[in-house]
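Contents: one structure, followed by commentary.
The values are calculated or read from the model by the stated rules, or taken from the named source; none is laboratory data. Only a predicted model underlies this, so the values are computations on that prediction, with no experimental measurement involved. Positions of Cβ are generated from backbone atoms using ideal geometry, with glycine treated the same way; all protein chains shown enter the neighbour counts. Side chains included, ligands, DNA and RNA excluded: accessible areas come from the protein's heavy atoms. Shrake-Rupley method; radii C 1.70, N 1.55, O 1.52, S 1.80 Å.
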Amino acid sequence: MKRGGRSFFSIENAFALQATLLLAFFLLPLAGLLARVPWATAWEELRGERVLEAMRLSLVAASLASVISLAFGFPLAWVLCRRSFRGKELMRALVLLPMVFPPVVGGVALLAAFGTRGLLGGVLAYLGVRLPFTFAAAVLAATFVSAPFLVLALEAGLASADRRLEEAAETLGARPARVLSTITLPSVRHSIVAGLALTWARAAGEFGATITFAGNFPGRTQTMPLAIYEALQTDMNGAILMSVLLLGVSLVALLVLRRRIVQP
Amino acid sequence: MTTHPRRAGPRAQRPLFASLLLVFLLSAGCARSERSELVVFAAASLGEALEAVADSFAAGSDGAPVVLNLAASHILAAQIEEGAPADLFVSADSAQMERLVASGRARGPFVLALNRLVLLVPRGNPAGIRRLSDLAREGTRVVVGTEACPVGSYTRALLERAGLSEEIGRNVVSYEESVRGVVQKVRLGEADAGVAYATDAGGGPPGEIESIEIPEAAGMRVACFAAPLDGAEGRPEVRRFLGYLREGEGARILALHGFGRP
């Protein structure tokens with residue numbers, strides 16, 4: 001074991017071993033699921049109305065959550081990255097808090113804020129809005145848990161973008177909106193795509209906050225994860241098939257979107 | 001952050017490996033020393049009662065520590081079918097128990113306790129629910145269990161019996177995955193009413209939830225079943241716990257929590 005020499009205990013070998021172990025840890029459960037898939041009856045199981053409904057709800061909810069996250073997450077990331085103010089570090093930590101909420105707690109917290117007896121319950125009732133048990137609640141639950149991923153990705157992107165280009169444009173007399181649309185947004189487009197991929201995938205897999213805040217109603221709030229959980233009781237094959245389907249769709253989303261970031 | 005390339009050399013890994021090895025050894029040691037503990041997979045509706053039973057059993061001179069895994073019966077049955085190591089299964093209905101008896105995991109199930117269905121309404125009963133048929137009133141937000149979980153299948157049977165399946169079904173806003181979900185939604189005031197077990201009305205701050213008897217449910221048998229798994233009845237502490245549950249202090253504690261004696 002000479003230092004600096006090529007021995008078995010090199011950093012490269014150690015890393016390769018550790019990387020393989022972690023990959024195997026990720027892939028083995030997936031392989032386990034795939035090994036259980038009843039391929040012969042797969043098509044029949046998946047074409048049921050409940051599965052299609054749940055898939056549709058998941059796709060729509062995750063997409064809406066991603067759009068909302070982008071619309072409000074970009075400004076938030078911009079403020080966090082480009083403005084300095086007191087309490088910024090605290091704000092940054094607060095933004096990430098939904099990521100560490102146990103999901104069911106997230107659902108209870110959403111009820112405590114937007115439920116009938118929640119902090120804003122009175123205001124919402126006055127406006128004639130009742131969120132729990134609606135599809136809107138499922139979208140909000142998905143947004144709550146997934147938006148931090150987008151803010152995180154965008155803030156990192158903005159931090160690594162070249163400020164000098166923006167400053168040059170400003171010096172040349174470009175208005176802020178023009179700087180934003182011609183310089184800033186294009187320079188962070190890869191972060192936007194990467195962030196959207198993560199946000200979408202996290203939103204599509206959302207379970208705990210949804211079942212707590214939006215309840216479980218087929219065709220209204222029963223997204224794929226909820227339908228899978230319900231299928232676990234009687235129909236393990238169906239549950240496994242639906243899981244594989246959801247994972248497949250999310251994998252495609254991650255692949256399609258991530259490839260554009262890693263190879264700009 | 002500064003990096004220290006020298007520290008990352010092979011020598012530095014020795015303490016790492018050593019500590020990992022130590023952790024493995026320690027955890028193996030722990031697993032062995034607690035072999036006398038009992039693992040009980042129990043229906044959520046019996047959670048509080050069984051926690052009290054478990055504490056009391058563990059405190060006894062010939063007791064043993066009891067580890068409870070609480071969830072909806074059908075989830076527990078699925079976990080056990082997937083090979084979860086458990087000594088005892090307590091199901092809120094017969095269907096999930098029969099499922100495990102059929103697959104050979106459970107043997108000798110018996111009725112552990114009786115329960116009954118009630119209506120739960122949040123504090124102040126904002127929708128003015130008095131009886132089951134009030135749940136059919138337009139705009140009432142009703143939560144029930146999903147059909148495959150015990151409380152849901154009992155509720156379905158109840159509504160069919162009362163001839164109100166369609167009328168009340170229209171008002172269902174959520175099919176909860178376990179009775180705990182039903183209670184939670186009522187407790188938080190999100191639902192105007194829910195159908196749950198009589199034993200769910202207790203717990204939590206008094207007055208937060210009110211229960212209303214359902215005359216239509218009279219005569220419906222709502223029974224909780226228990227059975228040892230995978231031949232665990234051969235272990236003395238399992239046998240002692242079963243006896244404790246059936247006629248010992250455990251049975252008395254269950255009765256204190258509102259369960260009927262079989």
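Of the residues A:Thr234, B:Thr146, ranked by 1.4 Å probe accessible area with the largest first, the sequence reads A:Thr234, B:Thr146. Calculated [222 nm] ellipticity per residue, helices only, for chain B: -11500 deg cm²/dmol; basis is -39500 (n - 2.57) per DSSP H run with n ≥ 4, divided by all residues, nearest 500.
Peptide A:141-147 is shielded by partner chain Cβ atoms: per residue, an average of 0 of them sit within 10 Å of its Cβ. Between the alpha-carbon centres of the range B:162-182 and the range B:72-100 there is a gap of 24 Å.
For the range B:62-70, 3J(HN,Hα) computed residue by residue from phi via the Karplus equation (6.51, -1.76, 1.60; θ = phi - 60°) reads 9, x, 8, x, 10, 9, 9, 10, 9 Hz, glycine and proline entered as x.
Residue-wise HN-Hα couplings along the range B:122-132, as the Karplus relation 6.51 cos²θ - 1.76 cosθ + 1.60 with θ = phi - 60° gives them from phi, are x, 2, x, 6, x, 8, x, 6, 10, 9, 4 Hz; Gly and Pro carry x. Where a ≥ b ≥ c are the square roots of the eigenvalues of the C-alpha gyration tensor, would you call chain A rounded, which needs a/c under 1.5, or, failing that, prolate if a/b is larger than b/c, or oblate? In terms of gyration-tensor shape, oblate.
Evaluating 6.51 cos²θ - 1.76 cosθ + 1.60 at θ = phi - 60° for every residue in the range A:22-31, the Karplus couplings come out as 5, 4, 4, 5, 6, 7, 4, x, 5, 4 Hz, glycine and proline recorded as x.
Pairs of Cα atoms nearer than 8 Å and 6+ residues apart set the relative contact order; for chain B it is 27 percent.
Cβ-Cβ distance of B:Phe110 and A:Val104, R₀ of 35 Å, FRET efficiency by 1/(1 + (r/R0)^6): the value works out to about 0.60. Do any residues of the range B:66-82 show a loss of at least 20 square angstrom of accessible area between the isolated chain and the full protein assembly, using a 1.4 Å probe, and if so which? With the partner chains in place, the range B:66-82 has these residues losing at least 20 Å²: B:His74, B:Ile75, B:Ala78, B:Glu82. Between amide H atoms placed 1.01 Å from N, distances below 5 Å from B:Val222 occur with B:Asn115, all of them 5 or more places distant or on a separate chain.
With all protein chains present, how much of the accessible area of the protein assembly as shown (probe radius 1.4 Å) comes from carbon and sulfur, to the nearest whole percent? Answer for the protein assembly as shown is 63 percent, counting heavy atoms of protein chains only.
If both residues of a DSSP beta bridge must be in the protein assembly as shown, then about 55% of such bridges are antiparallel. Highest mean first, the peptides A:238-247, B:191-200 sorted by other C-beta atoms within 10 Å per residue fall in the order B:191-200, A:238-247. Chain A packed on chain B takes about 2600 Å² of accessible surface away from a 1.4 Å probe, both sides summed. Normalising the average separation of contacting C-alpha pairs (under 8 angstrom, six or more residues apart) by the number of residues puts the relative contact order of chain A at 29 percent.
Once all protein chains are placed together, A:His190 keeps about 50 Å² accessible to a 1.4 angstrom probe.
State which helices in chain B qualify, where a helix is a whole DSSP H run, it must extend 20 Å or more along its own axis by its Cα atoms, and its mean Kyte-Doolittle hydropathy must be at least 1.6. Taking the DSSP H segments of chain B (at least 20 Å long, mean hydropathy at least 1.6), we get none. Each peptide among A:39-45, B:162-168, B:205-211, B:173-179 gets the average number of other Cβ atoms lying within 10 Å of its residues, and from highest to lowest they stand as B:173-179, B:162-168, B:205-211, A:39-45. Structure remark: mean-square fluctuation, Gaussian network model of chain A, C-alpha springs under 10 Å; the largest value among A:Ala125, A:Ala203, A:Ala65 belongs to A:Ala125. Helical content alone sets the calculated 222 nm signal of chain A at -24000 deg cm²/dmol, taking -39,500 (n - 2.57) per DSSP H segment of four or more residues and averaging over every residue. The smallest convex shape that holds all Cα atoms of the range B:103-262, its convex hull, gives 122 Å³ per residue. Close amide H partners of B:Leu38, meaning residues 5 or more places away or on another chain with modelled amide H under 5 Å apart, are B:Val66, B:Val67. The alpha-carbon positions of the protein assembly as shown define a convex hull whose volume is 221 Å³ per residue.
The contact residues of the range A:210-245, meaning those that lose at least 50 Å² of 1.4 Å-probe accessible area when all protein chains sit together rather than their chain alone, are A:Asn216, A:Phe217, A:Tyr229, A:Gln233. Taking amide H as placed 1.01 Å from N in the peptide plane, the amide H of A:Thr134 sits under 5 Å from none that are at least 5 places away or on another chain.
Only beta bridges with both residues in chain B are counted; by DSSP, about 55 percent of them are antiparallel.
Within 10 Å of the Cβ of each residue in A:112-119, the mean number of Cβ atoms contributed by other protein chains is 3.
Accessible area per residue for chain B, computed on protein heavy atoms with a 1.4 Å probe, is 47 Å². Mean per-residue shielding of peptide B:189-196 is 3, counting Cβ atoms of other chains within 10 Å of each Cβ.
In the context of the full set of protein chains, residues of the range A:44-262 present 49 Å² of accessible surface per residue (probe radius 1.4 Å, heavy atoms only).
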